[in-house]
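Read the structure below first, then the notes.
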Amino acid sequence: MRGMIFVIDVGNTNIVLGVYQQDQLTHHWRINTHKQQTEDEYGMLVKGLFREAGLSPLDVRGIIISSVVPSLMFALERMCTKYFKQTPLVVGPGLKTGLAIQYENPKEVGADRIVNAVAALEEYTPPLIIIDFGTATTFCYVDEKGHYLGGAIAPGVQISTEALYQYASKLPRIELKFPRRVIGRNTVEAMQAGILYGYVGQVDGIIETMMEEKSQQPTIIATGGLAEIIAQKSTYIQHVDPFLTLKGLYLLYQRNR
Ligand SMILES: Nc1ncnc2c1ncn2[C@@H]1O[C@H](COP(=O)(O)OP(=O)(O)OP(=O)(O)O)[C@@H](O)[C@H]1O
Ligand SMILES: CC(C)(CO)[C@@H](O)C(=O)NCCC(=O)O
Ligand SMILES: [K+]
């Protein structure tokens, strides 16, 4: 059945791919972002994922891509035309998002942040704060009128952890989970406490400061790898949606096809 919509979210660490059939996300995959990879390398990889899932690339009716890695756009667009016989929609100038972006320069906002806001607005009543725990942790504020105001960009949990390990000889690589206590009694516990409780404090602190600045009580939605873990201890995160970005891409596809 030639009815599949293929959605692709290109991040700095991972590319997340999804297939929608009859408005349902039926398949999703995560592959590493390799900034030098070619259209044929991505083509083989993606064809392999489709084959393994029993899907045919030629059953794809439409493709939409959001990317925050400009150097990969050429290879991915070529992959779509060569292996899927489709010209993809690309989130960016020219694509209708229905979102009023109040950044000084709207073109500067990461496509992933816009897509997240589109998805969140479909499900929740603004004002909203959307937090995405990816390579960077982004905080986006959508006001009561549904306008995208902007937000904050902080180093991601993985980047912070990596930096600690890289810069301090005696600090090991650790598993990112909450330790039994915040007063760690060994190096691993101490690092887990510093990173994860530190992160919860940062997240809640930024949310609080945004609420003060706007004098509003927004709904707080989180997505991305560590959303679930951080949300458990956060005072303010109310909803976790691991597929927010893919949902937003699918909505944008429907609005622009
Ligand atoms: N249960 C977990 N425990 C620890 N870390 C996790 C867990 N689940 C996900 N992660 C981390 O989150 C990351 C995935 O998060 P996400 O997909 O939001 O960001 P990313 O793909 O790394 O970033 P980007 O979207 O910028 O490429 C993984 O690389 C992993 O390090
Ligand atoms: C912040 C990241 C890296 C998060 O993926 C991405 O959204 C991005 O590159 N944004 C561009 C800068 C901005 O959004 O203001
Ligand atoms: K992501």
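Some values worked out for this structure:
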read-out: Label-point separation, residue 188 to residue 159 (7 Å along Cα→Cβ), nm; value: 2.7 nm
read-out: Burial ranking of peptide ranges 180-189, 221-230 (average Cβ count within 10 Å, highest at the top); value: 221-230, 180-189
read-out: Two-site FRET efficiency, residue 173 against residue 105, from Cβ-Cβ distance with R₀ of 45 Å, rounded to 0.05; value: 0.75
read-out: Cα-based shape type of the range 183-246, given that a ≥ b ≥ c are square roots of the gyration tensor eigenvalues and the cut on a/c is 1.5; value: oblate
read-out: Protection proxy ranking of 18-28, 207-217, 59-69 - average other beta-carbon atoms within 10 Å, highest first; value: 59-69, 18-28, 207-217
read-out: Pairs from 85/247; 107/145; 35/145 whose Cα-Cα separation, in the structure shown, is over 26 Å; value: 35/145
read-out: Accessible area of the range 136-208 divided out per residue, in Å², using a probe of 1.4 angstrom; value: 53 Å²
read-out: Listed peptides 33-45, 163-175 by packing density, highest first (mean Cβ within 10 Å); value: 33-45, 163-175
read-out: Convex hull per residue volume in Å³, alpha carbons only, for the range 4-90; value: 80 Å³
read-out: Distance cut-off 19 Å, percentage of C-alpha pairs in the range 106-242 lying past it; value: 51 percent
read-out: Cut-off 11 Å between beta-carbons: net charge of the residues surrounding residue 39, Lys and Arg +1, Asp and Glu -1; value: -1
read-out: The chain - charge dipole about Cα centre, Lys and Arg +1 at Cβ, Asp and Glu -1, debye rounded to 20; value: 620 debye
read-out: Summed residue charge, Cβ within 15 Å of residue 174's Cβ, Lys/Arg positive, Asp/Glu negative; value: +2
read-out: Computed over the chain, Kirkwood Rh from alpha-carbon pairs, angstrom; value: 19.4 Å
read-out: Reach of residue 233 by Cα under 13 Å, taken over aspartates and glutamates that are not fewer than 8 positions away in the same chain; value: 204
read-out: Nearest 10 degrees, 0 to 90: helix 198-214 Cα axis against the chain principal axis; value: 80 degrees
read-out: Accessible area of the chain belonging to carbon and sulfur atoms, whole % at 1.4 Å probe; value: 50 percent
read-out: Global geometry of the range 103-148, whether rounded, prolate or oblate, following the gyration tensor of its Cα atoms and the 1.5 cut on a/c; value: oblate
read-out: Approximate spin-label separation residue 95-residue 122, in nm, with each point projected 7 Å along Cα-to-Cβ; value: 1.3 nm
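The values are calculated or read from the model by the stated rules, or taken from the named source; none is laboratory data. Nothing here was measured: the structure is a model prediction, and the numbers come from that model. Neighbour counts are summed over all protein chains in view; Cβ atoms, including those assigned to glycine, are modelled from backbone coordinates with ideal geometry. These area figures cover heavy atoms from the full protein model, side chains too; ligands, DNA and RNA do not enter into them. Shrake-Rupley method; radii C 1.70, N 1.55, O 1.52, S 1.80 Å.
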